[in-house]
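The values are calculated or read from the model by the stated rules, or taken from the named source; none is laboratory data. This is a predicted model, so every value here is computed, not measured. Neighbour counts are summed over all protein chains in view; Cβ atoms, including those assigned to glycine, are modelled from backbone coordinates with ideal geometry. The accessibility values were calculated without ligands, DNA or RNA, using every heavy atom of the protein model including side chains. Shrake-Rupley method; radii C 1.70, N 1.55, O 1.52, S 1.80 Å.
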Amino acid sequence: MSDADNDLVVFPGAFDLDVALQADSNLTLQAELHQQKKPFVILDDHDQSLRNSGCLLIESGNRLQLLQPDQVWVSQAGKGYGKFVNELPDGPVRDSLAGFPPLRALTEIGRGIIETGSLAALDELQKTVVRGSFVVLRSDAGQVSLASIQRLRGYDRAFETVKGSLRSMAGPHHGLETVFGALFPNVEQYQAKPTIHFGKLEPASEAATEIIRTFIAVARKNEAGVIADIDTEFLHDYRVSLRRVRSVLSLFKGVFSDQETAELKRIFSDLMSPTGRLRDLDVYLLERESYFKLVPPSLHAGLGKMFDQFETERAREQKKLSRRFRSASYDQSMKELAAQFDDPTRLEFGQNADLGAYKYACSLIWKRYRKVCKLARSIDPETPDEAVHELRIHCKKLRYLMEFFAQLFDAKAFKTIIKPLKRLQDNLGAFNDCSVQQDALLAFAVQQSSSSGQVDANLGLSVGGLIAILNQRQQAERERVVSNFQHFDSPDIRELFRILFQTPGD
Amino acid sequence: MKIIACYSNKGGVGKTATSVNLAYACAQAGMRVLLCDLDPQGASGFYLRVKPSKKLTEARFFEDVKRFTKSIRASDFKNLDVLPANMTYRDFDVFLSRMRNKRSRLKKALKSVGGDYDVIVLDCPPNFSTLSENIFKAADTIVVPVIPSTLSERTFDQLVGFFDEHKLPKKKLRAFFSMVQRRKKLHVETIAAMRKQYRKRFMSTSIPFSADIERMGLYRAPVVTYASRSVAGLAYRELFKELKKGLDSKR
Ligand SMILES: Nc1ncnc2c1ncn2[C@@H]1O[C@H](COP(=O)(O)OP(=O)(O)OP(=O)(O)O)[C@@H](O)[C@H]1O
Ligand SMILES: [Mg+2]
């Protein structure tokens, strides 16, 4: 069978049982309602990973139904709201969601009322020649019907007839976007890294304001998820957005006046600081399983104690931050900040404000690239760890700069550069994580010790064991840095950097 | 893959009724089943509402595997497909040997369209003499309905005689009493006598004479789908179980 064996037709409105089949066909279409009106919710993560990959996940009652990109429905018992995919009960829906982001939980995109039923096209012998099902979804905004039909072996012509009839009845409505458009027209698509629009000749000041404005908005879109404590990625995205703003402030030298830069830096650093501890605790808790795997079972008791304490402290921190996010004063100050970047007359600019964005981008990226190379080439086994940490920071700044200005450059060339850069960054990130975690474990042990410096034996042993292993890992990561940099420092990539960013004056 | 042939050297004994209900029972048990209607009248196709497909010219039929796979039809029941009557005996002979050969293009083609059948049920037409011997060789099991009457006794003797003569494995023969009427003295006596004479050839399950089975022509569906708790429905289910046990133990 050459064509698809399934077809999905989406049409606005209720499912009309009087589908007019092609005049010359002797088929009759029968629809049978199986499930009367029941509430449903559409589930997805904050990034709408399912929607973006052409899937639709419906929870109604104790049932999960997933429409897959190949237009085939699978369903299983269970509820999904607030769960991670690996927390779903075993079943075909869970199996189909194997590629879903592991750190993201399912949350509600919208809700309404659902009706489901079966479809069958019968020939004159009352033999079923096409099988199918339909789903009618209603929300406050509208309703939409999904009919899916399935080709039965040996009945290709009937399948084509029914498919043609359904499609002509549906008109030009195709795919899942019709479903979202009809039911939830006001649900926005969240993007953690939206494309920022400005032209090559626009002044650097406008590029900077645009970037900052964009990321303030992205940060704000994550507040509700932090308050509801859906998954750890909300806070992570919130912090990354603010970090991007801060890097604009520190990298775009001379775009804002010195005084304005200092003032803004203070404001954004004040926004970041109440989130730090919660993020640290999230990271530790996400690592829980891997920590347990690192040390022998004899040391598990101490680890258990440590994670219990982290858990308690995390609950406290989460409550605190959630209270902050809900407060009127926080909302007020965020609105104020956003308004300031909406209206550039309220900002004080510096001597570089009027440089063209493209030229400015080239010089910033080129300079940062040179710094990365200079530092990386100096690293050998004797170099102190500090240099490796510094390299990580430079790489990160380089990456941010490239991302901010990506739309001004050739996308393919950027992809070629980013790939080895990302590999190097992952390596440096792992190196840094090991180091940060050792410090944190040590601090934890100190905090747990009595005034005379005594620590609970179990705890001390576990923490000691972990630190030893993390230190080994850190060294192993460090050893990989040189080769990963060499990969990034290939003649091809060097050439690309020169072509893209080096300007005659440099 | 197993091939089950419903065969009798006598007409009107219940071969088609058995093929359809057995094939359905296999499918219900989760096996993927292809029911081949070998009767040019399209008897089992009729019961499953599958129209006989257009006669395909012999020569091109097996040149083009696709044309063969295309003539298979899904039934209204899960796991049960039907090959409507359309083959000449010679075609059918080729078909059987290719189905037996795991590496044949036909098998591969079927596999690629999800037709990796666990069981093939053959509804043999009456007077199916030309190919009988090939069927006996190809099938794993030959299910023989026997109406307990004097005439049937004689035809069954002939069948067993044929197996002896041609040194065919008699173990394949799994007969059962069909259209049994307990009230008829002749039936009861014939059953007792034949069970004694052919102790190993007869299955213990019998299919009673039943109005529910006659009604298959009306409903055009397997018995249990419209008379789920009927004696006849239960009897076919038992027959399936007994057959399956035999097939499983052979492996
Ligand atoms: N157990 C039964 N009780 C009552 N009627 C039956 C029973 N089995 C079959 N019949 C009826 O007897 C007739 C012949 O049955 P069937 O067609 O199954 O036999 P057959 O062996 O396939 O015949 P043929 O040799 O013509 O292919 C049909 O009308 C069928 O409905
Ligand atoms: Mg027959």
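Before moving on, here are some points about what is shown:
- Any chance A:Ser241 is at pLDDT 95 or above, farther than 23 Å from A:Phe84 by Cα and among the polar types (S, T, N, Q): yes
- Scanning the stretch B:177-217 for residues that are away from ligand 2 (no atom under 16 Å from the Cβ) and within 19 Å of B:Cys6 (Cα to Cα) gives B:Phe177, B:Val180, B:Tyr198, B:Lys200, B:Arg201, B:Phe202, B:Met203, B:Ser204, B:Thr205, B:Ser206, B:Pro208, B:Phe209.
- Where B:Val50 falls short, out of the listed (1) modelled with pLDDT under 80; (2) assigned to a loop (DSSP other than H, G, I, E, B); (3) within 14 Å of chain A (Cβ to nearest Cβ): (1)
- Members of the stretch A:134-159 that are within 14 Å of chain B (Cβ to nearest Cβ) and not in a strand (DSSP E or B): A:Leu152, A:Arg153, A:Gly154, A:Tyr155, A:Asp156, A:Arg157, A:Ala158, A:Phe159
- Those helices (runs of 4 or more DSSP H) of the stretch B:124-222 in which 3 or more residues are open to solvent by less than 30 Å² (accessible area, probe 1.4 Å) occupy B:132-138, B:150-165, B:185-197.
- Annotation for the stretch B:230-240: at least one member residue is within 14 Å of ligand 1 (Cβ to nearest atom), farther than 19 Å from B:Ser8 by Cβ and of a type in the set (Val, Ile, Thr).
- Helices (runs of 4 or more DSSP H) (entirely within the stretch A:322-422) containing at least 1 residues that are over 30 Å from A:Leu496 (Cα atoms) and in contact (Cβ under 8 Å) with a residue 24 or more places away in the chain: A:328-342
- Residue pairs meeting the criteria (Cβ under 7 Å; at least 6 apart or on separate chains; first of a type in the set (Phe, Trp, Tyr), in the stretch A:95-113; second open to solvent by less than 60 Å² (accessible area, probe 1.4 Å)): A:Phe100/A:Ser49; A:Phe100/A:Val85
- Selection status of A:Leu470, in contact with a Cys (Cβ under 7 Å, 6 or more places away or on another chain), surrounded by 15 or more Cβ atoms within 10 Å (Cβ to Cβ) and in contact (Cβ under 8 Å) with a residue 24 or more places away in the chain: yes
- Members of the stretch B:17-42 that are over 21 Å from B:Lys241 (Cβ atoms) and within 13 Å of ligand 1 (Cβ to nearest atom): B:Asp37, B:Leu38, B:Asp39, B:Pro40, B:Gln41, B:Gly42
- Within the stretch A:66-88, the residues that satisfy the criterion of being surrounded by 15 or more Cβ atoms within 10 Å (Cβ to Cβ) and in contact (Cβ under 8 Å) with a residue 40 or more places away in the chain are A:Leu67, A:Gln71, A:Val72, A:Trp73, A:Gly82, A:Phe84.
- All positions within the stretch B:3-15 that are surrounded by fewer than 24 Cβ atoms within 10 Å (Cβ to Cβ) and either within 6 Å of ligand 1 (Cβ to nearest atom) or within 14 Å of chain A (Cβ to nearest Cβ) (or both): B:Gly11, B:Gly12, B:Val13, B:Gly14
- Residues in the stretch A:123-133 that are farther than 15 Å from A:Val72 by Cβ and facing chain B (nearest Cβ under 9 Å): A:Asp123, A:Leu125, A:Gln126, A:Lys127, A:Thr128, A:Val129.
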